[in-house]
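Please read the structure below before turning to the comments.
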Amino acid sequence: MQANEQREALLERREQVSEDTSTLWARLSLAQKFAASSLAQFGYDLVYIRHSQLGSLAILVCNGNAATISIEGEIDTSPNITIRS
């Protein structure tokens, strides 16, 4: 099972901000949109969306701090991810 999770992490694909923000917002689930709206009030910006077989993961950044939102709308303000420049 862990091997599948590691493989999944390698297979995920990331959509860069080269797309405008409205295009990225359109790709969020309804639950993600609600959660992202609440984070936006604190200065977070949607920067990209990761897609995997487990669903999409929205990545937001504020002052160098990342937050993620699962497909179900669950917010994680301390994710174990590295944001590349």
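The solvent-accessible area of ASP20, taken with every protein chain present and a 1.4 Å probe, is close to 80 Å². Ligands, DNA and RNA are left out, and with a 1.4 angstrom probe the accessible area of the range 21-85 is 60 Å² per residue.
To the nearest 10, the accessible area of THR23 is 50 Å² with a 1.4 Å probe.
The values are calculated or read from the model by the stated rules, or taken from the named source; none is laboratory data. Everything quoted here is computed from the prediction, not taken from an experiment. The area values use the complete protein model at the heavy-atom level, side chains included, leaving out ligands, DNA and RNA. Shrake-Rupley method; radii C 1.70, N 1.55, O 1.52, S 1.80 Å.
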